[in-house]
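Take a look at the structure set out below.
The values are calculated or read from the model by the stated rules, or taken from the named source; none is laboratory data. Since the model is a prediction, treat every value here as computed from it, not as a measurement. Glycine gets a Cβ as well: all are built from the backbone with ideal geometry, and neighbour counts include every protein chain shown. Areas reflect the complete protein model, heavy atoms only, side chains present, ligands, DNA and RNA absent. Shrake-Rupley method; radii C 1.70, N 1.55, O 1.52, S 1.80 Å.
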Amino acid sequence: MAPGRDLAEQRVTLIGDGLDLKTWMDGLRDLLSAPPDGSVFWAKIGEGKSWRLETGSNRKALASRLSQIDQEYLAQYIKDRIRWAHEAGFKKLEQAGEERRSPALHLLVPLLMIESFGPEGQARLLESEPTVLSCKRFLDGPHKDLFREWMGRRHFGGPTRAPADLDRYWLVLTRERHAFDPLYAGFTISFIRPSGFMSSTGNLSGLRFLHNRVTADRRAASLLAGLSFPLEDETPQMPRATLNLTPEPHALPGQKVTRTREQLLVTVAERLGVSIIADGYLRSSVELPANLELKEIPVRRLLSRLAETWNCDWRYLDKDEKRVLLRAKYWWLEDEADVPETQLADLRSRFRPGQPAELEDLLRLAELKDSQVRKLTEDAGICAGAQGLLPRGMHTGTGVKPCLQFFSRLPKTLQARALSPAGLPLAEVSPQLVEAHLRRTLVVWVGAVTPELREKLVFFLAPLPPTVPDGKPAGYQVAIRSANRPGPNWWYDVRLPAKLIYPPGVAPRD
């Protein structure tokens, strides 16, 4: 049995005893297929008893199509919200009293702004291209009074407090994305003063999240709370089980333990006498109470809550309900973010638990896709020393990661200057290199929205002061600052999370 070329790097989890080969083969085929169009199949090799798992010709096309459907769904959602603004938004604003006027404006004005971009501008925004809006453009439009009032309420402390020179200010709109949730549709808006100093960034009202992805810790909490609530189709006759979900013989009362999905699946399989075939994508661990006793819990409810915790779907493979298949709900995104095992082994050896990362290893990690970096640094925690490599949300192509890509492509002499206290003026670097790797970061985070604001920018890469016993840097800080004051001024740290540096109860040092 062997995987074909397209499936050679797929990891799977097989838990169970006494199953025949055909059962495992059928389970793997069903796990990796995406019916009805994206199937995989077993092909016999020669005349022997060897088989190869091959990908159906439509599976990749299906993955691409699913991603496109997500984008189309979001585009339609924006159109519907803009239609709402004209059909009900203005009426809502007219009916709102003073105490409700700000929320009504925060819903209406951003939608009018996005409408003003036109179809092409909206398409670029959906593709995570930062959209720079001069306030003058909107002040010259039909909704200038509403815009000025909204700016005053949002950024200047009152409806009439917007400055007279508001036409010299800018706004930057950006789509937030999440690597493993296609319906995460957040938008942020940054407010930039004439000097280029970015004074605020926040979520954009009017376009609510289609689906809020919850962190692993919150998912774990919802898992525990949800165990006591029945499923819609649950009946008293359904099989039940009593088990210790997190056995820890020497744990103290109230102690918490950390468990991976696979560890919990092994416990469930052993206690319930079932076999489990699951995907092997990297996932985060969860913190649960030690020796969590579940009594007479319906088996379907337990499996459903475990699946929900890691955003998976599940089903039985047989009528006896002894074989379980578990797979990622958004498998096409997980395929994109997965890291091959050979590469993963190398990263594990470089990023050691509790140790800060070397600059060389951060540069290597920065060459991976955003979704892979997110998986390794946050979800799986394998490269914990690289926390901060990606910015909040999924602002594609922004933050520390493209800055490190920029640094790694500099000649050695310019790298040395970037590492020096004086930094590297971007005016002395190839404009093509700056454009290719820094443009989005300069717009979204630095606030350098015009060529004039970019002329005096200086790039810095500096080690952070040691906070660990061996005296090594705790991480690195990337900064882009203007030689003029006030002016654009952005920095971000890549380091170990504080909880891995300081003992419990010890506050981080400044």
Practice prompt. Answer with yes or no whether residue 132 is among the aliphatic types (A, V, I, L, M), open to solvent by 40 Å² or more (accessible area, probe 1.4 Å) and either touching a residue at least 60 places away in the same chain (Cβ under 8 Å) or more than 25 Å from residue 435 (Cβ to Cβ) (or both).
Written response: yes
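Conditions tested, residue by residue: (1) touching a helix residue (DSSP H, G or I) at 6+ places or on another chain (Cβ under 8 Å); (2) at pLDDT below 90.
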residue	(1), (2)
68	no, yes
78	yes, yes
81	yes, yes
93	yes, no
101	yes, no
108	yes, no
112	yes, no
133	yes, no
Item to complete: Taking the residues in the range 300-323 that are part of a strand (DSSP E or B) and under 17 Å from residue 234 (Cβ atoms) as candidates, determine which candidate is most open to solvent (accessible area, probe 1.4 Å).
Response: 315
Worksheet item: What's the number of the condition residue 424 fails, among (1) in contact with a strand residue (DSSP E or B) (Cβ under 9 Å, 6 or more places away or on another chain); (2) closer than 30 Å to residue 455 by Cα; (3) touching a residue at least 40 places away in the same chain (Cβ under 8 Å)?
Response: (3)
Worksheet item: Does residue 389 count as within 28 Å of residue 335 (Cα to Cα) and either of a type in the set (A, V, I, L, M) or buried (at least 22 other Cβ atoms within 10 Å of the Cβ) (or both)?
Response: yes
Item to complete: Mind listing whichever residues of the range 327-364 are in contact with a Phe, Trp or Tyr (Cβ under 8 Å, 6 or more places away or on another chain) and in a helix (DSSP H, G or I)?
Response: 333, 334, 337, 359, 361, 362, 363
Item to complete: Take the range 98-115 and flag every residue that is more than 27 Å from the chain's Cα centre (by Cα) and open to solvent by less than 50 Å² (accessible area, probe 1.4 Å).
Response: 102, 103, 104, 105, 108, 109, 112
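Residue-wise test of (1) under 27 Å from residue 330 (Cβ atoms); (2) open to solvent by less than 80 Å² (accessible area, probe 1.4 Å); (3) modelled with pLDDT of 80 or more.
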residue: 4; (1), (2), (3): yes, yes, no
residue: 10; (1), (2), (3): yes, yes, yes
residue: 16; (1), (2), (3): yes, yes, yes
residue: 19; (1), (2), (3): no, yes, no
residue: 22; (1), (2), (3): no, no, yes
residue: 43; (1), (2), (3): no, yes, no
residue: 49; (1), (2), (3): no, no, no
Worksheet item: Inside the range 416-435, can you point out the residues that are more than 23 Å from residue 197 (Cα to Cα) and under 30 Å from the mean Cα position of the chain (by Cα)?
Response: 419, 432, 433
Item to complete: Considering only residues that are free of Cβ contacts under 8 Å to residues at least 12 places away in the same chain and among the charged types (D, E, K, R), look in the range 61-92 and name the one that is least open to solvent (accessible area, probe 1.4 Å).
Response: 80
Item to complete: Quick one: count up the residues across the range 410-440 that are within 27 Å of residue 131 (Cβ to Cβ) and out of contact with any helix residue (DSSP H, G or I) (no Cβ under 6 Å at 6 or more places or on another chain).
Response: 10
